[in-house]
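Novice: This is the structure I have questions about; it appears just below.
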Amino acid sequence: MSKQTKERTSARTEEPPIIPPRFQHHAAIGLLILSLVIFFREPIFGGKVFLGADNIASNSFATFLSDAKQEGVFPLWNPYIFCGMPAYGSLSVSGDRYFDLSSTILGLTTRIAAFVLNNQSAGWVIFYYMVFAVGMYLLAWSKLQSKIAATLTSFATTFSTFIIIWIMAGHNTKIAVIALFPFIFYTIERLRDRFQWSLALLLAVLLHFSFLPSHVQMIFYMYLAVGLYFVFFLIRSLVKKEDWKGLVRTGVVFVGATAIAFCMDADKYLSVLEYNPHSIRGSGPIAQVIGEAGKSTGGGLDYDYATSWSWGVGEAFTVFIPSLYGFGKVEYRGPLTNNQPQDLFLYFGPQPWTDAPQYMGIVVLVLAMIGFWRHRHDPFVQYIAILIVFSVLVAFGKELPLVYDLMYNYVPMFNKFRVPSMILVLVQIMIPLLAGYGIASLIAQGKEYLSAKEEKRWKIVVGSLAALFILSIVARGVFIGIYEMLFPPSEVSAILAQKGYHPRIVGDLYNYIAGLVATDFTVAFGVLLLSFGSIYFWLRRSMKLTTMVVLLGFAVLIDLWRVNTGPMDPQEKGSQQSAFAAPDYVRAILDQEGMTGQQGLPKSPFRVLEFENGVPPYSNMLAYWRLQSAYGYQGAKMRRYQDLVDVAGLQNPLVWQMMNVKYIITDTPDSSRWLGLLYDGPNKKVYVNRSVLPRAFFVNRYEVGDGLDVLRKIASREFDARDVVYLSADPGVKIDPPLPGMEANFTEYGINHFVVDVKTYGTNLLFLSESYYPKGWKAFLNGSEILILRANYHFRAVIIPPGTHKLELKFEPTGFFLGKTLSLGANVIVLLAFGWLGWDSWRKRKS
């Protein structure tokens, strides 16, 4: 045997570790946390904040929550949007849940983390990213037994584009749920090997913590992944005739842990279950319910609305070339802005809009392909592959409805969710995990020298990448030309024009997008050359392992961070304060009502309605200044409210009267006889509704009517709101018309209650411009409960006998108060169980 042959077949000599083995896990985790600190250096060290649309939307309720705390109540009802709606049951806001002992501890931990990270606004979210990174490292290490592979897997997952941009868009509850996912998976795997009470209790607490952020769709996808895991391995065990008892036992434990976790969060989810049948996610539009239009949603979202964020089939290629469909939010520099930076949204795909593509890194993708191929017989790898394919097919939604429609029509709860592409979070997690298998296999391969055949293959790969990299630089126009063939300038320009860009500039924007695509090709070939070139030189013993890992990690970092920094736009802290400074048109209303500097509402409550380009904007900003809006922003508004808007419309003066709309805010002049100008600004105008009706007023009579007929009467303005009210059921009481001198004056208007002093001379019907919601609202007349009637489809009415009375309405939903008791009990039991296990372990060690 020749000397060269001996060298090629000999084992590689182990390199002495730079870091002692006992400190390597700590070093890996420290490196992951350091990478997040560097990436988020501006929020951490500069105090900057993210002002995405959802960040602003959630901060809009800061005043509301402050008032609830000052009033000493839990914010169960939100009077500031949609004429009032459940606040807690719709998962809009939450109060202090001191009865949930474990979540109180977690909340304290996140506040401490935010303090340490020097940012109360973003610090707690960054903390969850750190938790997620540690969890992914733990899960990857348990499967790969390679610290290098586990570190790169965790890094790639944490910085997957559509995971890291959640904090930028304000989707903070998503990471708070997903951060627990790898820990839950790791615990399930441990329980499969051996049952332990401590692990079972830990699983319950982890599930409880994942329930806390209340992002039900993310929770659903987590359970979908776990459910598919159990199904796959159970079928495999039966087919292979392997032991299935440990898997079934773990499944039973998981179900039990879910039940305990639900009890620990019972106040929240019993409130959700109460509200769901009355929301747009729990019942279909009235026209569909009665069979007039479309197909029934089966108690879920309308199909078109649910699938509006379907991932385009062509968009699947953005996992390779992120700018293929215009990227999303990009920093533009060009002739349109005199080469000054300006953020533009250049996405032109089938979704309404998106901040960024579903990018996971070209290096990570190729490593994932290697990992799958080399470990394709591994059961866990097979499960990952099935989960990825299934998730991608669901994400296509209406663009490729084969799988999505089955889910929408037959899987419980699924039709209550929108944004089919959101399921790709599972792909963003599993692709890097597959890449970890690829890295681990390459490291294992490196223990033996390359054969001549293998070395030849590697030379071809590295040489081809080098040639493509050079070609992408010297022949950049060729790649732009290919792009123009696939995406003709005329078609893309037409889409950009439809999105609001002036026809004269869309051509320049198209050229800018084409340039981004060409750059994507250059960077892709460059980072692949750096990655696989370094792997090749390490495999042929021309480079140390440490050097190879550093270069590979650097390539992954460049690949991901280059894309992730595109939508990242942290603002100075003062920008957040400026965003919530009352504009002139708001101050005009506050001054008119004498509300400037006051807490709460004026003595005579009123509502406002805002229009932009003729339609109400999706915004809750008015709530920050304690202005109650007849519209707002919430993904699960009340079904009856939406029916009223759909059929009768918000441009309807009769609707304004019933909604107690006193002020109209608009960006266009209006000479309607209904309106009188209060404020005339350059961008906004405020009109007073001359025909406004009080929040509570008496009517002459009632008729019985419900459903679409009443909505049509409202739409055509067939009746006078002060003359007649349409009740859903006949109370069987003769109503007297109101007489002069009768009064209905608000003396208290709290968050979960209000009080009206009433004076009548007969048996009268009092109309209340408040959303009707039967699960919790109770009316008391002089302390005795009376019936709340549903009036004019969406509002309330009560019957008042003659005399002077105190009418009080309180919101006391059963689900919340029952859930509080269950939550406290479950927390006490779990904490006592942990205490007993700790004591028992100490006792055994001592003896």
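The values are calculated or read from the model by the stated rules, or taken from the named source; none is laboratory data. Only a predicted model underlies this, so the values are computations on that prediction, with no experimental measurement involved. Every residue, glycine as well, gets a Cβ built from its backbone with ideal geometry; the counts of neighbours run over all protein chains shown. Calculation scope for accessible area: heavy atoms of the full protein, side chains included, ligands and nucleic acids excluded. Shrake-Rupley method; radii C 1.70, N 1.55, O 1.52, S 1.80 Å.
Novice: Compute the accessible area per residue over the stretch 377-431, keeping the other protein chains in place, probe 1.4 Å, unit Å².
Specialist: The answer is 37 Å² per residue.
Novice: Next up: How much accessible area per residue does the stretch 650-691 have, in Å², with a 1.4 Å probe?
Specialist: It amounts to 44 Å² per residue over the stretch 650-691.
Novice: From the phi angles alone, apply the Karplus equation (6.51, -1.76, 1.60; θ = phi - 60°) to the stretch 34-48 and give each ³J(HN,Hα) in whole Hz, x where the residue is Gly or Pro.
Specialist: In residue order, the calculated couplings are 4, 4, 5, 4, 5, 5, 9, 4, 5, x, 6, 9, x, x, 6 Hz.
Novice: Moving on to the next point. For Arg712 and Val231 in the same chain, what is the full-extension length gain: residue separation times 0.36 nm, less their Cα-Cα distance, in nm? Numbers along the way, then the final one.
Specialist: On the way: separation 481, 0.36 × 481 = 173.16 nm, distance 4.98 nm.
So the extension gain works out to 168.2 nm.
Novice: What FRET efficiency comes out for the pair Glu455/Glu484, r = Cβ-Cβ distance, R0 = 35 Å, nearest 0.05?
Specialist: Details: r = 40 Å, r/R0 = 1.13.
Efficiency at R0 = 35 Å is approximately 0.30.
Novice: May I ask for the distance between the Cα centers of the stretch 348-388 and the stretch 797-842, given as a whole number of Å?
Specialist: 44 Å
Novice: Separate question: Of all accessible surface on the chain at a 1.4 Å probe, what whole percent is carbon and sulfur?
Specialist: Here carbon and sulfur together make up 61 percent of the probe-accessible area.
Novice: I would also like to ask the following. Need one word for the stretch 132-233: rounded, prolate or oblate. Basis is the Cα gyration tensor (sqrt eigenvalues a ≥ b ≥ c); a/c below 1.5 gives rounded, then a/b vs b/c decides.
Specialist: Numbers: a/c = 1.85, a/b = 1.17, b/c = 1.58.
It comes out oblate by the Cα gyration axes.
Novice: How long are the three semi-axes of the equivalent ellipsoid for the stretch 736-847, computed from the Cα gyration tensor as the root of 5 times each eigenvalue, in whole Å, largest first?
Specialist: The equivalent ellipsoid of the stretch 736-847 has semi-axes of 52, 13, 10 Å.
Novice: Hey, could you grab the Kirkwood Rh for the stretch 188-235? Inverse mean 1/r over distinct alpha carbon pairs, Å, one decimal.
Specialist: Kirkwood radius, the stretch 188-235: 11.9 Å.
Novice: Oh, and also: Mean shadow of the stretch 358-404, computed from the convex hull of its alpha carbons, in nm²?
Specialist: Answer in nm², one decimal: 3.8.
Novice: Determine the gain in length on full extension of the stretch Phe719-Gln120; use 0.36 nm per residue of separation and subtract their C-alpha separation, reporting nm with one decimal. List each step's numbers first, then the result.
Specialist: Numbers: separation 599, 0.36 × 599 = 215.64 nm, distance 5.24 nm.
Gain on stretching Phe719 to Gln120: 210.4 nm.
Novice: Largest first and in whole Å, what are the equivalent-ellipsoid semi-axes of the stretch 314-356 based on the Cα gyration tensor, each being the root of 5 times an eigenvalue?
Specialist: Three semi-axes, in Å: 22, 11, 7.
Novice: Something else: Taking only protein heavy atoms and a 1.4 Å probe, what accessible area per residue, in Å², does the stretch 529-641 have with all protein chains in place?
Specialist: Per residue, the stretch 529-641 has 42 Å² of solvent-accessible surface.
Novice: Which log10 I(q)/I(0) values, to two decimals, does the stretch 314-408 give at q = 0.15, 0.17, 0.18 Å⁻¹ under the Debye formula with one point per Cα?
Specialist: Values, matching the q order: -0.77, -0.90, -0.96.
Novice: For the stretch 471-485 and the stretch 641-710, write down the distance between their C-alpha centroids in whole Å.
Specialist: Between the Cα centres of the stretch 471-485 and the stretch 641-710 lies a distance of 57 Å.
Novice: Summarise the long-distance tail of P(r) for the stretch 605-733 by giving the % of C-alpha pairs beyond 21 Å. Walk me through the numbers on the way to the answer.
Specialist: Values: 3603 of 8256 pairs.
Result: 44 percent of Cα pairs exceed 21 Å.
Novice: Starting from the residue with the highest accessible area, list Trp353, Trp777 in decreasing order, probe 1.4 Å.
Specialist: Ranked from most to least accessible, the order is Trp353, Trp777.
Novice: Something else now. How do 448-460, 810-822 rank on mean C-beta neighbours within 10 Å, highest first?
Specialist: Going by the mean number of other Cβ atoms within 10 Å, highest first, we get 810-822, 448-460.
Novice: Report, in cubic angstrom per residue, the convex hull volume of the C-alpha atoms of the stretch 361-467.
Specialist: So the per-residue Cα hull volume is 136 Å³.
Novice: Now, a different point. What FRET efficiency comes out for Tyr618 versus Arg22 if R0 is 45 angstrom and r is the Cβ-Cβ distance? Round to the nearest 0.05.
Specialist: Efficiency, rounded to the nearest 0.05: 0.25.
Novice: Mind ranking Asp840, Asp243 by accessible surface for me, highest first, 1.4 Å probe? Working shown, then result.
Specialist: Numbers: Asp840 20, Asp243 115 Å².
Output order, biggest surface exposure first: Asp243, Asp840.
Novice: I've got another one for you. Classify the stretch 236-387 from the C-alpha gyration tensor, please: rounded if a/c falls under 1.5, else prolate or oblate depending on whether a/b exceeds b/c.
Specialist: oblate
Novice: Accessible surface of Tyr679 in the full protein assembly, 1.4 angstrom probe, to the nearest 10 Å²?
Specialist: Solvent-accessible area, nearest 10 Å²: 50 Å².
Novice: Determine how many Å³ per residue the convex hull of the Cα atoms of the chain encloses.
Specialist: It comes to 206 Å³ per residue, whole-number rounded.
Novice: Assuming R0 = 30 Å, can you tell me the calculated FRET efficiency for the pair Thr668 and Arg562, based on Cβ-Cβ distance, to the nearest 0.05?
Specialist: Details: r = 42 Å, r/R0 = 1.41.
Using R0 = 30 Å, I get an efficiency of 0.10.
Novice: Ranked from the most accessible area to the least, with a 1.4 Å probe and all protein chains present, what is the order of Asp643, Asp405, Asp584? If you can, show how the numbers build up before the last one.
Specialist: On the way: Asp643 5, Asp405 45, Asp584 80 Å².
Result of the area sort, largest leading: Asp584, Asp405, Asp643.
Novice: Also, quick follow-up: Report the label-to-label distance for Val733 and Ile473 in nanometres (one decimal), using points 7 Å from each Cα along the Cα→Cβ vector.
Specialist: Those two pseudo-labels are separated by 8.5 nm.
Novice: Here's a follow-up. Beyond 21 Å, what share of the Cα-Cα pairs of the stretch 142-299 remains, rounded to the nearest whole percent?
Specialist: 60 percent
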